[in-house]
Structure formats: structure tokens, C-alpha cells
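Quick notes on the structure that follows.
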Amino acid sequence: MTKRIFIWSGPRNISTALMYAFAQRPDTHVVDEPFYGFYLANSPAKEYHPGTDEILSTMELDGERVVAAMLENSEKPVLFFKNMCHHMLDLDRSFMREGLNVILTREPKEMLSSFKEVINKPVMQDVGYQSQQDLLDYFLRENIPFVVVDSKDILLDPAGYLERFCQYVGIPFDTCMLSWESGPRKEDGCWAPYWYANVHKSTGFAPYKPKEITFPVSLEPLLGACQPIYERLMAYKL
């Protein structure tokens, strides 16, 4: 049987690095943000996300068809889906019972500072925290197993944390997950040139370093809305 891992991330949460780690495994096929086209086709984000035209012209825009494709069996025993949680919009989420669900998040001040480098004036719908809380409530209400992962914990101890993560998922840990060749991967979405510059320079998980910047005053209200959601998520982390 195919084991599906559904990552439900916000942006700038090392989700691409985690995807690269799983891409090293010979037993795993990775898929990069399959709902991105659906999201842009049905949200105001298409007006300001870089690379929108190419994304809309090359991806499946019907969300239900995306779900159906995700539930197909794979030649490899493990399927890893890197998703942005806010890309789901109002799609039926019942398919999430067919996989292991992981909410991947990050401390809001660091995440928002990083996100602003690409999208200058983000709103809550862009950054995913409210969508992650909605997903948390859905999992609790429907009694669907899930776990929360804080990206900082991975960076503090990649080997130890990924071993625990693999144990939770039910697959053996493989040290090949700790390194990769620099540069793009064939699985990258066509939006990679706009978002993946740092991970393309990497050959593994970079050691955690606090961001030493002055937090933008313009983002203070958004930070105030995101912080309590993040703190609530932390009660469920691995």
C-alpha cells in the first residue's frame, strides 16, 4: 500500500528543504505544492504572486482533480506532498484521512520577516496561520490523527528530529535525508526561481540562527494576529 505524507505548511517554513530531504530516499516520491494553480486561479493572490502566468498555464486548476491524483497509487511505497495549507481554500478535506497529516509551522516574527522579501504587503491569507488553525480544528473535530512540527526544531537537530519524525510516520530513518546536491531539483515547481534561492544554495539543513533584523512596523498588526495561533499550535507539536 502507498503511504502518503501530507505536509500542511505555511510559506518560508523550510518546507522545501524538508521536501529535498525526503527526495533523497529511494522509497519516496515527492510532489511540490500541487494545489498552487488551483489557489491562484481562485484567489486575489494571482494579482501579486510572481510567476502566476506560468503556474496557471502549466498546472491542474481543478482542485478535485488534484485531490484525485494525490490518491492514486505510486510506484514507490511513500508519497510526500509538500502543500501550503492556505492553498486548499474551501475544498473538501475528507481525503486527508488517506494519509499522515503534518502541520509545519514557524515562529511568526521570523516567518513574516522572511516572507516580506518576496511579497511586500502580506495579509493573513498569504501566510497560512489562520489556515493552519482551521486545519487543526478540523482534525480535532473529525478525530483525524495529526502532528505539528516547528521548523526550528528540525534545524536545531536535523538527524535526531528527522529520526523521530520518521518513527512517527512509520518509515525507517535514512541518513541520506541529511544532505543533497545544491541547485534545482526536477520536482521543483515552476515558481522555484522566485522562492527557492536559498535552498538551491544549500546541501543540507542550515544550522538555526535567529534573524538579526529590525521587524517592520507595517507587519506588527499581522504579527499580533499570528502569534496566538502559533502558540496554540505548539501544544500539539512533535
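Results, tabulated for the structure shown:
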quantity	calculated
With eigenvalues of the C-alpha gyration tensor scaled by 5 and rooted, the range 1-104, Å	22, 15, 13
Å² of accessible area per residue within the range 77-201, as computed with a 1.4 Å probe and no ligands counted	44
Per-q log10 I(q)/I(0), the chain, q = 0.09, 0.11, 0.15, 0.17 Å⁻¹ (Debye; single scatterer per alpha-carbon; no solvent)	-0.35, -0.54, -1.09, -1.48
For the range 204-212, Karplus couplings with θ = phi - 60° (6.51, -1.76, 1.60), whole Hz, Gly/Pro x	x, 6, 6, x, 5, 9, x, 6, 9
GNM result for the chain, Cα springs below 10 Å: residue of Leu140, Leu156, Leu219 fluctuating most strongly	Leu140
Entries of Lys82/Lys116; Lys76/Lys237; Lys82/Lys237; Lys109/Lys237; Lys116/Lys186 with Cα pairs more than 25 Å apart	Lys76/Lys237; Lys116/Lys186
Amide N proximity, the range 85-101 versus Asp134 label position 7 Å along Cα-to-Cβ, cut-off under 13 Å	85-93
Residue-averaged [θ]222 nm for the chain, counting only DSSP H segments that reach four residues, each worth -39500 (n - 2.57)	-11000 deg cm²/dmol
Test item: Cα-centred dipole of the range 47-185, Lys/Arg +1 and Asp/Glu -1 on Cβ, debye	340
³J(HN,Hα) computed for each position of the range 182-193 - Karplus, 6.51 cos²θ - 1.76 cosθ + 1.60, integer Hz, glycine/proline x	5, x, x, 10, 5, 7, 4, x, 5, 7, 3, x
Karplus-derived 3J(HN,Hα), 6.51/-1.76/1.60, for each residue of the range 222-230, Hz, glycine and proline x	5, 4, x, 7, 7, 4, x, 5, 4
Whole-percent carbon and sulfur share, accessible surface of the chain, 1.4 Å	51
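The values are calculated or read from the model by the stated rules, or taken from the named source; none is laboratory data. Computed from a prediction, not measured in an experiment: that's the story for all the values here. Cβ: placed from backbone, ideal geometry, glycine included. Neighbour counts: every protein chain shown. When the accessible area is computed, the model is the full protein with side chains, heavy atoms only, and any ligands, DNA or RNA have been set aside. Shrake-Rupley method; radii C 1.70, N 1.55, O 1.52, S 1.80 Å.
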